[in-house]
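The values are calculated or read from the model by the stated rules, or taken from the named source; none is laboratory data. These numbers were taken from a predicted model, which means no experiment stands behind them. Glycine gets a Cβ as well: all are built from the backbone with ideal geometry, and neighbour counts include every protein chain shown.
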Amino acid sequence: MSELGKEYWTERYKTNATGWDLGIVSTPLKEYFDQVKNKDIRILIPGAGNAYEAEYLHQQGFKNVFLLDISVEPISAFKKRVPDFPDAHCICEDFFLHHGKYDLIVEQTFFCALHPSLRERYVLKMQDLLAPEGKLMGLLFKIPLNADGPPFGGNETEYRNLFEGKLAIQKMETAHNSIKPREGNELFFVVKKERI
């Protein structure tokens with residue numbers, strides 16, 4: 001798994017080997033953001049990469065957006081692109097070492113970039129980072145699980161089994177508004193940390 005660490009991702013950004021990068025905020029996420037009324041909620045985007053979601057949220061007036069990436073390369077590029085985004089909200093750190101509480105965590109190609117052996121740890125970490133009533137939402141790839149990723153795939157049954165009993169599944173369905181190249185291959189999901 002070390003091959004998917006900081007050096008691996010830094011090299012991918014330096015060589016522009018970023019085939020997952022859409023260059024824009026993806027439609028399913030944008031439409032979800034557009035219906036969120038409270039601009040003060042704390043939002044985390046882990047494995048943010050070039051962080052088009054953070055840029056869009058910032059433009060829409062959300063004040064507490066935090067982006068997190070293990071590599072400084074995309075964070076530096078983001079700061080150049082969005083110079084008025086708060087520096088303190090750009091975090092270069094391993095997701096599993098991060099601490100904080102968030103009302104919304106955005107999943108966009110981060111889960112599929114992690115080795116499948118880390119998936120249960122991912123769910124437990126999300127559970128830890130979410131505030132009570134907080135939500136994790138975003139997209140998961142609905143493609144066969146492969147050994148030669150990233151991206152690593154999976155299916156709805158597997159994802160449901162991962163989250164069940166840890167975070168309440170509010171929605172998990174094939175995204176109806178994916179971009180053309182990803183049509184039929186993305187699951188849009190929302191899971192919630194229920195108050196104990």
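Can you tell me which residue is farthest from ASP40 (Cα to Cα) among those in segment 60-89 that are of a type in the set (Val, Ile, Thr) and surrounded by fewer than 20 Cβ atoms within 10 Å (Cβ to Cβ)? Show your work before the answer.
Keep residues of segment 60-89 that are of a type in the set (Val, Ile, Thr), which gives 65, 70, 72, 75, 82.
Going one step further and asking which of them are surrounded by fewer than 20 Cβ atoms within 10 Å (Cβ to Cβ), we end up with 72, 82.
Working: VAL72: 26, VAL82: 19 Å.
Out of the qualifying residues, it is VAL72.
Take the conditions among the aliphatic types (A, V, I, L, M) and under 26 Å from PHE152 (Cα atoms) and apply them to ALA88. Does it pass?
Values: among the aliphatic types (A, V, I, L, M): yes; under 26 Å from PHE152 (Cα atoms): no.
So ALA88 does not fit the description; no.
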Just wondering, is there one or more residues in segment 134-155 that are without any contact (Cβ under 8 Å) to a residue 12 or more places away in the chain and not in a loop (DSSP other than H, G, I, E, B)? no
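Take TYR13 and tell me if it is modelled with pLDDT of 90 or more and on the phi < 0 side of the Ramachandran plot.
It is false that TYR13 is modelled with pLDDT of 90 or more and on the phi < 0 side of the Ramachandran plot.
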Quick one: how many residues across segment 93-126 are more than 15 Å from the chain's Cα centre (by Cα) and within 24 Å of LYS39 (Cα to Cα)? 3
Which residue is surrounded by the most Cβ atoms within 10 Å (Cβ to Cβ), if the candidates are limited to segment 101-115 and must be touching a helix residue (DSSP H, G or I) at 6+ places or on another chain (Cβ under 9 Å) and outside any strand (DSSP E or B)? PHE111
With respect to the numbered conditions (1) modelled with pLDDT of 90 or more; (2) among the acidic types (Asp, Glu); (3) in contact with a helix residue (DSSP H, G or I) (Cβ under 9 Å, 6 or more places away or on another chain), which one is the sole condition not fulfilled by GLU186? (1)
